[in-house]
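Colleague: Below you'll find the structure I mean.
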Amino acid sequence: GGAGGGRRGLPKSFLNRFSKVAVEAYSAADFRFITGALFPQLTQTLVRRMIAFTTDLLRATMEERRFGLEGAPWEFNLRDVLRW
């Protein structure tokens, strides 16, 4: 899946007002660092388990396609982790 999660693209007349910036996706270590910094009251073990769960969920839905086919593609990101 590409950017936008399968939604219809915006018109070029609108998009040409902006610059495109490409960045790498966060790694699990990035997620752990950011979550730990924002919520220092959480143990490292809990943060590690939260990130592992989110990573497992992404793998099960998008790579292994075990469930969640309707409505796909799914994307799990830092916002999802911080909503716990």
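Colleague: Select from ARG59, ARG32, ARG17 the residue whose mean-square fluctuation is largest in a Gaussian network model of the chain (Cα-Cα springs shorter than 10 Å).
Modeller: Ranking ARG59, ARG32, ARG17 by mean-square fluctuation puts ARG17 first.
Colleague: Turning to a different aspect of this structure: In the chain, what GluC sites (Glu not before Pro) fall in a loop by DSSP, with at most 13 other Cβ atoms inside 10 Å?
Modeller: Numbers: sites: GLU24, GLU63, GLU64, GLU70, GLU75; in loops: GLU24, GLU64, GLU70, GLU75.
Listed in order of number, the matching sites are GLU24, GLU64, GLU70.
Colleague: Which one is right for this structure if Rg and Dmax of the Cα atoms in Å is calculated from it: [x] 15.9, 48; [y] 19.1, 57; [z] 12.8, 39?
Modeller: [x]
Colleague: I've got another one for you. At 222 nm, what value in deg cm²/dmol follows for the chain if DSSP H runs of at least 4 each add -39500 (n - 2.57) and the sum is divided by all its residues, to the nearest 500?
Modeller: On the way: 4 runs with 35 residues, N = 84.
Using -39500 (n - 2.57) per qualifying helix, the result is -11500 deg cm²/dmol.
Colleague: Can you sort MET62, MET50 by solvent-accessible area, 1.4 Å probe, largest first? Working shown, then result.
Modeller: Values: MET62 50, MET50 10 Å².
Ranking MET62, MET50 by accessible area, largest first, yields MET62, MET50.
Colleague: In nm, what is the difference between 0.36 nm times the number of residues separating MET62 and THR43 and their Cα-Cα distance? Intermediate results must be reported in sequence, preceding the final value.
Modeller: Details: separation 19, 0.36 × 19 = 6.84 nm, distance 2.87 nm.
Here the answer is 4.0 nm.
Colleague: How many percent of the accessible area of the chain is carbon or sulfur, using a 1.4 Å probe?
Modeller: Numbers: 4050 of 7260 Å².
Carbon and sulfur: 56 percent of the exposed surface of the chain.
Colleague: Still on this structure: Under a 10 Å cutoff between Cα atoms, tell me which one of THR54, THR45, THR35 has the largest fluctuation in the Gaussian network model of the chain.
Modeller: THR45
Colleague: May I ask you to derive the FRET efficiency for GLU70 and TYR26 from their Cβ-Cβ distance with R0 = 30 Å, giving the value to the nearest 0.05?
Modeller: On the way: r = 27 Å, r/R0 = 0.89.
The pair GLU70/TYR26 has a calculated efficiency of 0.65.
Colleague: For the chain, what is the accessible area per residue in Å² when the probe is 1.4 Å? Before the final figure, lay out each step's value.
Modeller: Values: 7260 Å² over 84 residues.
With all protein chains present, the chain gives 86 Å² per residue.
The values are calculated or read from the model by the stated rules, or taken from the named source; none is laboratory data. No experiment lies behind these values; they were computed from the predicted model shown. Backbone-built Cβ (ideal geometry, glycine too); neighbour counts: all protein chains shown. The protein model used for the area step is the full one, side chains on, heavy atoms only, and it has no ligands, DNA or RNA in it. Shrake-Rupley method; radii C 1.70, N 1.55, O 1.52, S 1.80 Å.
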